[in-house]
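The structure is given below, and queries will be raised subsequently.
Each reported figure results from applying straightforward, stated rules to the coordinates on display, with no laboratory input. Nothing here was measured: the structure is a model prediction, and the numbers come from that model. Ideal geometry is used to build each Cβ from the backbone, glycine not excepted, and the neighbour counts take in all protein chains shown.
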Amino acid sequence: MVTVKFFAQVREIAGVDSLTISLPQPPTIAALRTQLMRQSAALNDALQGNVLMAHNQTLCNGETKLNEHDEVAFFPPVTGG
Amino acid sequence: MVFARVQTNDFSQQALYDELCGGAVSQGAGAIVTFTGLVRDFNAQGGIQGIELEYYPGMTESALNALLTQASQRFDIVDAGIIHRVGKLANHAQIVWVGTASQHREQAFLAATFIMDMLKQSVPIWKKEWQGDQATWVVAKTNDDKAAMRWLSENQDNACD
């Protein structure tokens, strides 16, 4: 299983803070994103467009490989400072 | 000696200055630069009534620490610190503090600017602005992206164009 977390407007549109999902095939962040977007209309809307991705708390891209028990996060471009 | 903290409570600029200075002077520091960011009371649409900041516990702290490591590798500084507040903040409240220490002023100024520019592009923190009882997420600014890209596209020798 992989833990998926959502933040800011991505979290609000998804309607959920976090969830667990089985490792996708192929085991990449891009495949995980596609699988989530097929899961519900809310997740489809939340993960559209310019969404950043993190793998085990480091920014990553869609090619990044996933392993069991990894943590993935989806969130909008950051606006701190 | 670098320090990075995410907190809901307010901070004292004097206490942070003392913390930074305490470690830095024994390492030859002759310059301390600090920056403090405040909550503005307006946006492009008019007046606002405070903001709310969300973060990613764990990743936000490691991203701030990674930024201090990058700054230490890139500039000739002896110490640096970052404090970022999260949660609900009223207009004019302090949001962020960055301090850098170096032997001479130029590297401290450059490092502080680098840290703030990169923080705005790479550290997972998100702002919402309150107008009446409506809260709207702030959209990332292209100017902030440009400020960060400047550091990524320049070499270390002419980082101050």
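Find, to one decimal place in angstroms, the Kirkwood hydrodynamic radius of the protein assembly as shown, where the mean of 1/r is taken over every pair of different Cα atoms and then inverted.
Working: mean 1/r = 0.0520 Å⁻¹.
Evaluated on the protein assembly as shown, it is 19.2 Å.
Taking the convex hull of the alpha carbon atoms in chain B, what volume per residue do you get, in Å³? Can you show the working numbers first?
Working: hull volume 17.9 nm³, N = 161.
Hull volume normalised by residue count: 111 Å³.
Output ³J(HN,Hα) for segment B:141-150: one whole-Hz value per residue in order, computed from phi by the Karplus curve 6.51 cos²θ - 1.76 cosθ + 1.60 with θ = phi - 60°, and x for Gly and Pro.
Karplus values, whole Hz, x for Gly and Pro: 8, 5, 4, 5, 4, 5, 4, 6, 4, 3.
If you scale each eigenvalue of the Cα gyration tensor by 5 and take the root, what three semi-axes come out for chain A, rounded to whole angstrom and sorted largest first?
On the way: eigenvalues 65, 44, 25 Å².
Each semi-axis is the square root of five times an eigenvalue, giving 18, 15, 11 Å.
Where does the protein assembly as shown land at 222 nm, in deg cm²/dmol rounded to the nearest 500, when only DSSP H runs of n ≥ 4 count, each adding -39500 (n - 2.57), divided by all residues?
It comes out at -10500 deg cm²/dmol, rounded to the nearest 500.
Using θ = phi - 60° and the Karplus relation 6.51 cos²θ - 1.76 cosθ + 1.60, list the HN-Hα couplings for segment A:8-13 in order, rounded to whole Hz, with x at every Gly or Pro.
Result, ordered by residue: 6, 5, 5, 5, 5, 5 Hz.
Distance between Cα centroids, segment B:99-138 to segment B:42-85: provide it in whole Å.
Here the two parts' Cα centres lie 5 Å apart.
DSSP beta bridges in chain A, what fraction antiparallel, as a percent rounded to 5? Provide the component values of the computation, followed by the final result.
Details: 12 of 16 bridges.
Bridges in chain A that DSSP calls antiparallel: roughly 75 percent.
Another question, if that's okay. Tell me, what is the percent relative contact order of chain B, built from C-alpha pairs under 8 Å that lie six or more residues apart? Spell out each step's value before the answer.
Working: 290 pairs, mean separation 48.7, N = 161.
Relative contact order comes out at 30 percent.
Compute the length gained on full extension between residue B:26 and residue B:130: take 0.36 nm times their separation in residues and subtract their Cα-Cα distance, giving the result in nm to one decimal. Before the final figure, lay out the partial values.
Working: separation 104, 0.36 × 104 = 37.44 nm, distance 4.48 nm.
My answer for the length gained is 33.0 nm.
Describe numerically, in nm with one decimal, the distance between label points set 7 Å from Cα along Cα→Cβ at residue B:139 and at residue A:63.
With each label point 7 Å from Cα toward Cβ, the separation is 3.1 nm.
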